[in-house]
Structure formats: structure tokens, C-alpha cells
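The values are calculated or read from the model by the stated rules, or taken from the named source; none is laboratory data. No experiment lies behind these values; they were computed from the predicted model shown. So basically every Cβ, Gly included, is an ideal-geometry build from the backbone, and we count neighbours across all protein chains shown. In case anyone asks, the SASA skips ligands and DNA or RNA and just uses the protein heavy atoms, side chains included. Shrake-Rupley method; radii C 1.70, N 1.55, O 1.52, S 1.80 Å.
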Protein chains: 2
Amino acid sequence: MTFVCLVEHKAVSYEHLFAPLPLKGMILPNRILVTAMVTRLSGEDGLVNQDIMDRYVRFATGEAGLIVVEATAVHRSKSGPLLRLCGDEFIPGHRELLKRMRDAGPSKVALQIIHFLKIARSGWRQTVDMLSRDEIAQIVQAYGEAAARVREAGYDAVELHMAHAYTLSSFLSAKNKRRDEYGGRSLETRMRLPSEVLVRVREMVGPDFPIGIRFDGEECIKGGYGLTDSKYMALRFAQLGADYVSLSAGGKFEDAIKKESEPLYPYTGYSGDRTMPPASYPDGANVYLAEGIKGFVNAHGYHTPVVTTGKISTPKMAEEILRRGQADLVGFARALLADPDWPKKARLGREDTIVRCIYGNICKNLDENFQRVRCGSLWPRDYLHAPLAPDDVAPPVWGSDGAGLAAKLNENGQVRLTWRAALDPLGVYGYEIFRAVNDGPFVHLTSSLTTSHVDEYALTGNRYAYFVRAYDFAGNRSKISNTANIIILPGFAVPEGRSLTLDGDVEAERGFSA
Amino acid sequence: MTFVCLVEHKAVSYEHLFAPLPLKGMILPNRILVTAMVTRLSGEDGLVNQDIMDRYVRFATGEAGLIVVEATAVHRSKSGPLLRLCGDEFIPGHRELLKRMRDAGPSKVALQIIHFLKIARSGWRQTVDMLSRDEIAQIVQAYGEAAARVREAGYDAVELHMAHAYTLSSFLSAKNKRRDEYGGRSLETRMRLPSEVLVRVREMVGPDFPIGIRFDGEECIKGGYGLTDSKYMALRFAQLGADYVSLSAGGKFEDAIKKESEPLYPYTGYSGDRTMPPASYPDGANVYLAEGIKGFVNAHGYHTPVVTTGKISTPKMAEEILRRGQADLVGFARALLADPDWPKKARLGREDTIVRCIYGNICKNLDENFQRVRCGSLWPRDYLHAPLAPDDVAPPVWGSDGAGLAAKLNENGQVRLTWRAALDPLGVYGYEIFRAVNDGPFVHLTSSLTTSHVDEYALTGNRYAYFVRAYDFAGNRSKISNTANIIILPGFAVPEGRSLTLDGDVEAERGFSA
């Protein structure tokens, strides 16, 4: 029988994560940032609608320090469902959105503004070398006017989208094919339009309004730029008075996978995986970008806050990133989509009730398939938004038969877990699956809405132990299930004097494959 | 006038880099490893020829601790020029090669052995899911027999190629599409064939013969594996008795760019850039892989040496990697191709005479174009191998007119440098270009065989100073040239109270663009 030790950090305080951050006139209540995420919730008209309001009010309830509302077009170009701010008629909707968000919680709110080039279902796409000098001047103008409207609408800050596959990023890109002073032949000329846009936006919003820049620390494509270039970009933005720089990665057209009769979508290739690293990537896979850039910018005498993002899941990890000085703010997209109450729960010492993102990227797949974005891994079916936590302290319970957790080895090396449903008067939300290897500590492996899971990472020669626990809509966890144990023997000869186990005392129980 | 301060570290000793490393019975004289590099120097017959001998004897002269001779086929499949060891008839050539290498220097010598699948000019390629169980058994057999021949031929070690686009790597890959016990559905089944090969090779070479494994720490393709998986692979190899693990990255077919009427070549996409990071990547771009793997393997009680590779250029950086414990050995391909005497020069405190790789990747392009691999950036035209350093202490000198270095700003933001040729009775080999920003230290920017260079990384608002110096075939450096200064003003409005300079006191000299 394996001894189960599961520590719940109810009393941990995250001093760096909850240190307020002054940013121009305003003070962010904590270092947690909701990064701009595409939602596909707005209509073709580009107006703020009820779904948009519900989504962002839900975030505001959760108490993130800064919520960056999704990319909003500065121009009138045709596109799918997308917020717009290319005219004054769009302002009232944003005013209403902000009023409701401020009623819901203490978060500061920024709006991200974007310019993008044309794409066609044929696969054709407009590239920066096709733009005339007049068109470039219009981009500068459109950004300036939209930024003025952002302030007019009552936002606390404006964020300029210079990341991924969009116009300003394509100028910064090492793949910029222009040959003039906005062109790709030198780093300076690649930075010229983004610099002009930042200068114009500053003129339009005034010296006291915070401006953030979101851009790629690394393009993650063949011949793309990396930290060698992006550290200079960050320095330039700092020199020109940006109030924060927020690092993303990848998300480019160059390696996107074309689907028949659909326009090219920039998050479908390797670089798109790097924007939203799936479960197979280590946590914090892109932190090195913020760390490299912050070190460089600080060493040159600028203290512009740097935001890191990309598969950062726990308050503990976020705290550690800040404590080590790798970044000044920690941005989350999927983790806070999964559970918008993450910040509040961490502040209250109730991180044990956080619904943990499993980085299954169903949200990303929905976006790729032009559907409304929701958490398809964790939210109950048919929920368009994260469920609101009810006032409930009673956890789910296992039925009289117990959880009946069983582990079975497949021929192809997977361990298949099955268990019985738990019970809760207000409804069971999901199940967390924990695993221990060779009597090591139990670690959260993943979560599931269903009563089964396949572990593809069990290795021969080792003893595995699993348990599951159910959670309800308030995040209360049930007691843990029975522990299911399995020992896996190698299906090939192990050399004499060698063992595949970590401690060498594995008992034979069952072989693996014929 | 800018004060020039150029420190030459003649007396530095690299204590970690030159610490001997016991590896089974043998002792590597230092921690410097020449990684296996494709040369395209052998004939279609797969025999060791004179060009192969010249290439590796040149490396041996340079005193690297371990030289890994290029990938040599274990099977009889058709391919381009490639060494083979699929029969005893190939052994005598390797015996002769080893004899000459041992006469030339103290390096230990390993042979890398490889199995690859079929590819066609049409774009078709054989994948692992097309292999029968018999064919898989033949792969195990072929590796075992070839490894026995490696020992028979007199090598000090055998290295199993499990990296990039080749057979064993394709089994390890997260893209392995098989569904049986050698398949892609679990990490265990992906590791099964590589495990079987390692076990068989150990049986064939005996317990006292060193076996190294070269594999990808990260695939760097959409849906590929990363450190999350590769740390378990390294642990498995350690458990099965591998004597070192050597980390590469990328080099996959999945993102390769197809050229008409040529078979697909696996280093042409983004993942190929990650195998051999070009100049735009930071130095040591892949060190994090070795660091993550070494930490994991060591924490599990194994002390199998870990090799890191990928754009590590200077002895100082290599020493620092070892001192920090990020790796146990440092592998070099391009840097030691550029100057095979790098290890000897570092040992003698004469790193000031190293011919520095500029990571221009002409070597990689030659390979991609099915041509014999040489250093096209630095070696004199028509040299198939690195020139041998003559016994010469007289450096090149500038003519009576001086170097005449001039810097001129182009419209597209590039600084164009031109200078006069230097003179040397035994011939000038090349020129090194140094740059300082705003009175900071002069840093080596790149090197050139010609008398001009274009700097694409000069930014507005800054003062740049450049000088060049010539070097001869013994690596002796000339006196530095005159210093060429240039100040670049922004071509756009800088906001009041902001400056693009690092110290704020730039004098106007010349504007940039109209």
C-alpha cells in the first residue's frame, strides 16, 4: 500500500505576484495579466455584444491585475467576427463594457489594437512589400486615431499588437522583403514603421496614458528573428516611451498549414505551437525570451516592465519567475480562460480550488476552425463561459461502491484508467488525476470531464500509482479515490547489472506486450 | 577619437575544458568533441578515400578530445556518397584512417553509425509505419553487426545516430505513426526499437567498449517532442548503459522544403536551422537541452556524460558551460570545421589566433546542394580542407597608405565598410571586423575573406566605431586599422524628453534617409 501525501498550500502568500505595480498614473493591483485572446464572440459588425461583455466581466470577477481585451481592428478591412475601433461609432459599446468590468472587480483594463493585411481563401495574402508609402502612412494614422479612441472610451491603457502574423510584426520580421527604408535589409528599417506607430500613438494619447507593446521575442520560423534582434526591439520601444513590453513567440504565416478553401491561418504550424505551447512542452517554455530581454533592457538603464507568457500554470511558478527577476509581470491566456478566478483564489490562499488548465489546446483548435473560443477540455459541455463558482463548501463524494479506480496496460504501452462518477448536489465539474512513480510524490498529471484517462507516459521497469479526485463548481475537491497500482516489465532484454527502475527493487507483476 | 582597448587572453587557462574525462577504459584528453558532420567526401562505394583521410587527420592535428567520424551506414541501402560499414570489406579503410589519425594527434576517435529509410526524388519517403516486424529485426541486427565492425576496425567508441530525420529518431519521434509495440501511442513504445538497438550493440561490442547516443533534445517541428520527453529518453539510455548522450535538435523531414527533382532534404526547414543555428541565433541556443537533461539524469542517480552542441564559439563560453554544470562535454561542428586547431590553440593560450566561425552556414548550404562540404565563408577559395598553419610569427601588415577603412550609411539602414588589402609574404588569410557602440568595448562582429562588409545591425541615434585587422595562415593578427566612426540620426520624430542613444549626448553628424 502506497502512502499518499498531498500537501495543500492554503497558507502560502505570493509576495511578488501580489506586489502592486505602478504604471504611469495607475497602479496594477497585482502582477497577473490576462493577455489578449481571440474569442470570435463579436459579430461581423465589430461592435461589443453581450457575449463579449460576459466573457470579460467573467475575467474581471477573477481579479487579474490587468486584463487586455482582445485585438480590435484600427481599420475597416473585411474580416471575420472581430472587434473594431475604426470610428467613433464603436466607442459606446466599449464604454459599457468597461463600466460592467469595473463593477465586477478591481482589474485595470487595456485594449489591444491591431492592423492586419488582406488574405484570401485562394491562399493569396498581401505582404508588406505590396504596401505603398501612402498605405504605410495610413497605417500610422489609423493606429493613432484608434489609440485616441481607446483613451476616449475610458480604457486604462492601450496595447499595440506587433506580434505574430500581423502588419507591424511583418515589418519587424526578418522575412520583411521590402527594400526601402521600411524594409528588411537592416534591423533599423524593420523597426521603422513600428517606431513611427509608437511615436504617433504617444502623440495622440498624451504623455500620461500607458502604452504596451506585444511582440514576438522569437519568430520560430526558418530564417526568422530571435533574441539577438528582439532585445534591440525591446530597447527601442523602451527608448520611445513604451510603458510595458509583452513577449509572445511565433504565430506566423510562413509555416502555417493551408486548409482547402479556407484562408491561411497563422497558428497552425510549429510557430503556432510556440505561441500556445501544448501539454508536451515544458512549463514556461518561452520564459527565456522575457529573461533575455529584461536583462538587456535593464542593463541599458531602462526599467520598462517586461511581461512573460506561455504555459505558466501555477501561482508557485509565476511567483518564482518574478522572484528570480525573469519578468515583471506574468501573462496568462489559457490558464485564466480555464479558470478566471485563478488570481482571486491565489490571493485568498485557495489555489487548491483552481481548475487547472491541461494545455489540451481545444481552445486553439476552435479558433483555427473559425468557431467561438471556449475551454473545451474543462468547461461543462454547452458552457460558452467559465462557470461561476457557487457559494458552496460541500465537496463531491464518492458513491457507496467507492471510486473503483482501475489501471490497465494496453499493448501499445498506454495505461488506461477508469473510475466511477462522484456525486455532488450542485453537480460534479471534473476530475483531477494524480500519479506517483516508484513511491515518489503524487503529482497532478491532468484533469478530465469524463471518468477515464489514457496515460501515454508510463515506462517499463517502473511502479506507478494513480488516484483521482472530483471537484465541483466551487472548486471543492472530493476525498481521493482508491490508489490503482501497476508495475510494468520491459518487453526487451535488459543488460546484466542494469535496471530500468529508479531504485532497483521492482517486483514482477505483469509483463508488457507479448 | 575613440580609445581602443582590445584584451588578448594569452594566459587564460581553461581548467574545466581541459580536464581529462575517463570514459570506460579510455581517457579523453579534454572535453572538446568534434560532432559527426556530413562531408560528402566519400565515394558512392562507401569506402574511406584520401579526401576522408585528409579531413579527419586535419581534425586530429587539432587535438580535440573525441572526434566522431561522420555517419556511416549499417546497411546496404542506396544513397549518395556516404561511408559504409555494412560488411567486413569496409574495415581496412577505417583501420588505415585510424592509424593516420593516431599518428597526427592525441584525439580519441568514435564512429557514428546510421540507418536511414528510403527517399525518392518524387518526394515519396518511406516512414516507420511501413516497416514489417522482420525489417525492424533486421535493423537491430545491422546495428549490432556494424558496431562489432567498429570495434574490430580499432575505433575507441561507437556512436549510435538517433537524431534528426533518420530511422531510430523517427521511432522516437512524437510523429511515429505505428500503432503496435514499436509505435507512437506511448513514449515507451517509441523508445522500444532504440532500446533494443542499444541492448544489441552492447551485446556485440562487450561491456568495456564505450557507446554514445546522439539524439534530439527537441524535434522543433509542429507536434514534435521536446524536453518533456527527451529527458526520459536520456534516462533510459543511461539505464541501459550508454556511456554518453549527445544532444542535437531538429533536422526533420516534416518541415523540410522540397526542391523540384531532388529528394527531400531534412535540414532545409526551421528544424534544420535549429540543428545548425545560423548567425542570427544567440550563442549556445541549444544549451538548455543539455542542461535540462543532465539535471534530470543526474537527479535520478546516473552520471552518464552529457554533450551539448549548437553555435558554441569561444573557449570562454565552452568553459563557462562546463563550470556551470550545464554539460559534461562540449561538441563543435562548424567552429572546428572553420579551425580544426581550435582545441590546441585554446590549450596553448593562443585562442587569439583561432579563426572564428561566423555561422554563415555556407557549409550547410553545400550539403543541402549535394556538394562536398567545406567552410565557404573563411577558407581560401579552392581549399577542400582547412589550411595548415605554417611556422610563422610575422603578422600581416597594412600598406603605406594604411588600411583606409571607411564606413558609409546606405538608404536602407546598412553601414557599408570598405578597406584596403593587407600584406603578408605567406599570404593574408582573412579579416576580422570589430565594432563598438557609443564608446563601449570593441567586439568581434564577423570575419571576411574580402575587403568589405555590410553591417545590418547599426541603429539610429547611436555612434558606431569600427576597425578591422588582417590574419595570416598561422593566425597572426595585423595591427588594427584606422577606426571608422559613424553617427546615425533617426529618420522619424523622437518624442520630447526621449532619446535613442544609450548616454544621451550624440552629436548630429549625418541623417539617415531623405
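Counting just the residues of the range A:207-234 that are among the small types (Gly, Ala, Ser) and within 13 Å of chain B (Cβ to nearest Cβ), which one comes out farthest from residue B:364 (Cα to Cα)?
A:234
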Hits in the range B:69-96 (condition: closer than 16 Å to residue B:373 by Cβ and part of a loop (DSSP other than H, G, I, E, B))
B:79, B:80, B:81, B:82, B:83
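Mind checking which residues of the range B:479-500 are in a strand (DSSP E or B), crowded, with 18+ Cβ neighbours inside 10 Å and more than 13 Å from chain A (Cβ to nearest Cβ)?
Quick first cut of the range B:479-500, residues in a strand (DSSP E or B) only: B:484-487.
Adding the requirement that they be crowded, with 18+ Cβ neighbours inside 10 Å leaves B:484, B:486-487.
Correct list: B:484, B:487.
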How many residues are at pLDDT below 95 and outside any loop (DSSP other than H, G, I, E, B) when one looks only at the range B:27-57?
0
Single residue of A:319, A:254 found to be modelled with pLDDT of 95 or more and closer than 24 Å to residue A:237 by Cβ
A:254
Quick one: which of A:237, A:253, A:171 is of a type in the set (Phe, Trp, Tyr), more than 10 Å from chain B (Cβ to nearest Cβ) and either without any contact (Cβ under 8 Å) to a residue 12 or more places away in the chain or not in a helix (DSSP H, G or I) (or both)?
A:253
Which numbered condition residue B:303 misses (of (1) more than 13 Å from every other protein chain (Cβ to nearest Cβ); (2) within 18 Å of residue B:220 (Cβ to Cβ); (3) without any contact (Cβ under 8 Å) to a residue 60 or more places away in the chain)
(2)
Please work out if residue B:290 is at the interface with chain A (Cβ under 10 Å from one of its Cβ atoms), farther than 18 Å from residue B:363 by Cα and of a type in the set (A, V, I, L, M, F, W, C).
no
I'm checking my understanding of the structure. Among residues of the range A:386-402 that are surrounded by 14 or more Cβ atoms within 10 Å (Cβ to Cβ) and touching a helix residue (DSSP H, G or I) at 6+ places or on another chain (Cβ under 9 Å), which one is modelled with the lowest pLDDT?
A:389
Any idea which residue in the range A:435-478 is farthest from the chain's Cα centre (by Cα), counting only those that are within 14 Å of chain B (Cβ to nearest Cβ) and of a type in the set (Val, Ile, Thr)?
A:460
Quick check: is even one residue across the range B:338-346 surrounded by 23 or more Cβ atoms within 10 Å (Cβ to Cβ), touching a strand residue (DSSP E or B) at 6+ places or on another chain (Cβ under 9 Å) and part of a loop (DSSP other than H, G, I, E, B)?
yes
Does the range B:297-316 contain at least one residue that is over 18 Å from residue B:31 (Cα atoms) and either part of a strand (DSSP E or B) or acidic (Asp, Glu) (or both)?
no
Listed residues B:181, B:159; which is within 13 Å of chain A (Cβ to nearest Cβ), of a type in the set (Asp, Glu) and either part of a strand (DSSP E or B) or open to solvent by less than 20 Å² (accessible area, probe 1.4 Å) (or both)?
B:181
Residue by residue through the range A:256-277, note down the ones that are touching a residue at least 60 places away in the same chain (Cβ under 8 Å), out of contact with any Gly (no Cβ under 7 Å at 6 or more places or on another chain) and not β-branched (Val, Ile, Thr).
A:261, A:262, A:263, A:265, A:276
Out of the residues in the range A:347-369 meeting the condition of being under 19 Å from residue A:477 (Cα atoms) and among the acidic types (Asp, Glu), tell me which one is least open to solvent (accessible area, probe 1.4 Å).
A:352
Considering only the range A:189-205, I want to know if a residue exists there that is away from every other protein chain (no Cβ under 11 Å), buried (at least 24 other Cβ atoms within 10 Å of the Cβ) and not polar (S, T, N, Q).
no
Among the residues of the range B:420-459 satisfying the criterion of being in contact with a helix residue (DSSP H, G or I) (Cβ under 8 Å, 6 or more places away or on another chain) and in contact (Cβ under 8 Å) with a residue 24 or more places away in the chain, which is most open to solvent (accessible area, probe 1.4 Å)?
B:456
